[in-house]
Amino acid sequence: MHPAHTYMSPEQVEEFGRELDAMREEVLASRGERDRRYILRLIGTQRRIGVAGRALIFASILLLPVWGHALAGPWAFGLTLAAGVLALALAKILENMEIAHNVLHAQWDWMKDPAIQSNTWEWNHGCPSDQWMHSHNVVHHTWTNVLGRDRDIGYGMLRVTREQRWHPFYLLQPLNTVLMAVFFEWFIALHDLEINRLLSGKKRWSEARPQWRAIRRKVGLQSLKDALLWPLLGTALAAPFALNGLGPSLLSVFLVVLAANIGANILRNIWTFMIIFCGHFPADVHHFSRASVEGETRAQWYVRQLLGSCNIRGGQLFHVLSGHLSHQIEHHLFPDLPSNRYPELAPRVHALAVRYGLPYNSAPLGRQFGTTLLKLLRFSFPGPSRKAAPA
Amino acid sequence: MTPAPDHRTSRPLLSRLRAVADLYTYPLRLSHYAELVNPLWSTHKLQARVVEIWDETRNSRTLTLKPGLNWRGHRAGQHIRVGVPVEGMHYTRTYTISSPPERRDGRFTITVKAIDGGRISHYLVRKVRVGDFLPVGLPQGDFYLPDAQPVRPLFITAGSGITPAMSMLRSLVAQQRLPDTVHIHYAPHDRDLIFGAELTQLAQEHDRYTLHPVYTHEYGAEKQTKGYFSAAQLGRLCPDWLEREVYACGPPGLLAALEEHFAQAGESRRLHIERFRADFAGLPDGAIGGRVRFASSATEATADGDVPLLRVAEDAGLNPPHGCRMGICHTCTTELLGGAVRDLRDGRLISEAGSRVQTCICAAAGDCELAL
């Protein structure tokens, strides 16, 4: 039996699906100039913030106390550097979350703008776009929360539901969680390789080799940019002064820029980790067995998306910074509708869920992330009994 | 005449520098940031700024455009693709450049006539403002006068089909090598003649240029009532038409009549035609199923109106990319080259060439061609 039928009769499920289809078509038909302006302005703003971040990091070097001019000093340096790191992190967050994630979902393909197409957009992230589209759009969005099918359940490394069989490896879970948060970009980059299946021999290396080459190239170019080229440019700009015995040493300039770039990447990693882990892991979210979704209809798929996703409540800015993944439920019901439309859909989807007696998992960040962390801690130990699990 | 590119020798160094600079902005390019300062500086896409607008007639307008860095000169008679955002969507239409290549200020003009019910032409004629940026393509097309061998042209144009002839005439005048030219132009009436004043002046100043305007409408009439093309008309206006190279541009009816006339005379090779391809396929009401052509795999198949094109492709022995098979992952998306398809989820018809088609949830609506 499909889990949807624990809540509703088959006819009700289909009617629920028709109501969601109608909502989808309404939004499809109303897409227009307003949406185009939104994404174009956002892309422009994001790029300007990125430039500002790089510029502030360079400017902070001019404020190092060693220069001895009136503006220089530890506070001026520290604040400017922090502002630069934050701006750079913000630019990376906006690009990954609200722009690229949604462009790669083909949310903006309808504009037919050749510069904003899902099949040509390469995102500012270690994971090659086409591999992301496979592991995310195809696997995760089709098989959301289906054990053994959705590889985003614990990302092949963490135990996030009692229905995953316990293994002594999960005792390391608190440490692994921190590692994953800090280096989230690289974990995502390797995600579609399916290292688990490679190790267990279920996937052949010959299949993974072209993927690995693409990952190596992408990760290489991303690292080259942040870990070598930008620090070197800073060093080159400081060189004329250093050669005349002025200003900071070239090594310290290199290290300041390097540290700032790494800091921005890690901030972005932790933020995206938090938002994404709140999507399907908080308390009261549902998981499904492979057998239960066999031959599922589109309406049943809708119900599964609703039961398997969690929203985060927050302000408008928070929604944009989360790439509207704070509207995870709406995103999973309508993955290819423009993200700026999710907030207006949310109350309607919520009301619909209430009408059909379905749960609508929505709470502030503290509750969603808090319960996620508690579950990660609890499930690093064996149990509780899998048999007790509902549905 | 195209100005010779003079920067060819400096290219390798410049492009190498640019390649290094692009690494700083990976996965974007430096050009994506240059665009923020001035859209004309971008090199990843070509845009043009509207710098002047001039009404030619009550429903046609000349836009003067200043193109971006990647522009190269055109040959008189060539056209460009212009991208126009209407209701958030990017449409592409083709317009002939009406200015001569000899223009010195690096700008060019296109002259657009608002077609009845044409949203794109209406946008360009009524809504575009000075300062707007429009994506444009590079000049293309083989409708131009030969460089070397002198010809005695006969231009036969109608309505906005005058634009390539205008560019050629202006170019010939600028080069001071205007040959013996006859020009038959069809327009609704005398106040509706695009470039009317300039053509009349040209005819007065140059004995070698003979203009025969043919008016086809009474004032205020909606439909053509007179002045249809005929063999007799051609013989009267240009008795030596058999000895001339004919350059024709206008509506399909006129071009078809010309083709027939020249074929009968056995002089088809003297007739050079520029036609604007219709962007919409004529669609029979309620068309269901049809022949599907998969362009890049050079395969054809017959499709039912309720079978997803992905299945059609697979049954034809192809293995196109696909994922969820339910329209959510967009792995199977491809381009519609022609014809129409129907979205099986909501029955929506997709018929504009260049549209993105999800093959797993779209079926053929009449004959269609996909990029697959």
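All of the numbers you see were taken from the coordinates with simple rules; none came from a lab. Quantities reported herein were computed from a predicted structural model and do not represent experimental measurements. Here the Cβ is made from the backbone with ideal geometry for all residues, glycine too, and neighbour counts use every protein chain on show.
Fully extending the segment from B:Arg18 to B:Thr299, taken as 0.36 nm per residue of separation minus the present Cα-Cα distance, adds 97.1 nm. The long axis of helix B:196-205 is offset from the longest Cα principal axis of chain B by roughly 40 degrees. Name the shape class, rounded, prolate or oblate, that the alpha-carbon gyration tensor gives for the protein assembly as shown, where a ≥ b ≥ c are the square roots of its eigenvalues, rounded holds for a/c under 1.5, and otherwise prolate holds if a/b is larger than b/c and oblate otherwise. Oblate, since a/c reaches 1.5 and b/c is not below a/b.
Here chain B carries DSSP beta bridges of which approximately 65% are antiparallel, counting only pairs with both residues inside. Each Lys and Arg Cβ is given +1 and each Asp and Glu Cβ -1; about its Cα centre, the protein assembly as shown then shows a dipole of about 2520 debye.
Counting Cβ atoms of other protein chains within 10 Å of each residue's Cβ and taking the mean over peptide A:130-142 gives 3. The residue among B:Phe294, B:Gly227, B:Gly77 whose Cα reaches farthest toward the positive pole of the charge dipole of the protein assembly as shown, with charges on the beta-carbon of Lys, Arg, Asp and Glu, is B:Phe294. Between B:Gln149 and A:Arg290, the simple label model (points 7 Å from Cα in the Cβ direction) yields a spacing of 7.2 nm.
In this calculation the C-beta distance from A:Ala70 to A:Glu33 is compared with R0 = 51 Å, giving a FRET efficiency of 0.55.
Placing R0 at 60 angstrom, the Cβ-Cβ distance between A:Leu175 and B:Asp105 gives a FRET efficiency of 0.35 after rounding to 0.05.
If a/c stays under 1.5 just call it rounded; otherwise compare a/b with b/c (prolate if a/b is bigger, oblate if not). Do that for chain A, with a ≥ b ≥ c from the square roots of the Cα gyration tensor eigenvalues. Since a/c reaches 1.5 and a/b is larger than b/c, the shape of chain A is classed as prolate.
Ordering A:46-55, A:255-264, A:354-363 by mean Cβ neighbour count within 10 Å, with the highest value first, yields A:255-264, A:46-55, A:354-363. Taking every residue in B:42-51 and counting other chain Cβ atoms within 10 Å of its Cβ, the average works out to 1.
Remark: the B:Arg129-B:Ile115 segment gains 3.1 nm on full extension, using 0.36 nm per residue and subtracting the alpha carbon distance. Using a 7 Å offset from Cα along Cα-Cβ at B:Arg291, what residues in the stretch B:335-372 end up with backbone N under 18 Å from the label point? Once the point is set 7 Å along Cα→Cβ of B:Arg291, B:337-341, B:364-372 turn out to lie under 18 Å by backbone N, inside the stretch B:335-372. Sorting B:219-228, A:193-202 by their mean Cβ neighbour count within 10 Å, with the most densely packed peptide first, gives A:193-202, B:219-228. Among beta bridges identified by DSSP and lying wholly in the stretch B:290-370, the antiparallel ones come to about 85 percent. A simple spin-label model places pseudo-atoms 7 Å from Cα toward Cβ; at B:Gln224 and A:Asp130 they are separated by 5.0 nm.
Normalised by the number of residues in chain A, the mean separation of alpha-carbon contacts (under 8 Å, six or more apart) gives a relative contact order of 25 percent. In a DSSP loop and with at most 16 other Cβ atoms within 10 Å, the GluC sites (Glu not before Pro) in the stretch A:72-155 are A:Glu122. Over 21 Å apart at the Cα level, from the set A:Lys202/A:Lys375; A:Lys92/A:Lys375; A:Lys92/A:Lys225; A:Lys92/A:Lys203; A:Lys203/A:Lys375, are A:Lys202/A:Lys375; A:Lys92/A:Lys375; A:Lys92/A:Lys203; A:Lys203/A:Lys375.
So, in nm, how far is label A:Phe183 from label A:Ser252 when the simple model puts each one 7 Å beyond its Cα toward the Cβ? According to this spin-label approximation, the distance is 3.1 nm. Helices assigned as whole DSSP H runs in chain A whose Cα atoms extend at least 30 Å along their own long axis and whose mean Kyte-Doolittle hydropathy is 1.6 or higher are found at A:250-280. Between A:His5 and A:Ala236, the FRET efficiency from the beta-carbon distance, with R0 = 60 Å, is close to 0.35.
The angle between the Cα long axis of helix B:11-24 and the longest principal axis of the Cα atoms of chain B comes to about 40 degrees, rounded to the nearest 10. Between the C-alpha center of the stretch A:1-67 and that of the stretch A:176-217 there is a gap of 26 Å. Contact order, relative form, for chain B: 11 percent (alpha carbon pairs under 8 Å, 6 or more residues apart, mean separation divided by residue count).
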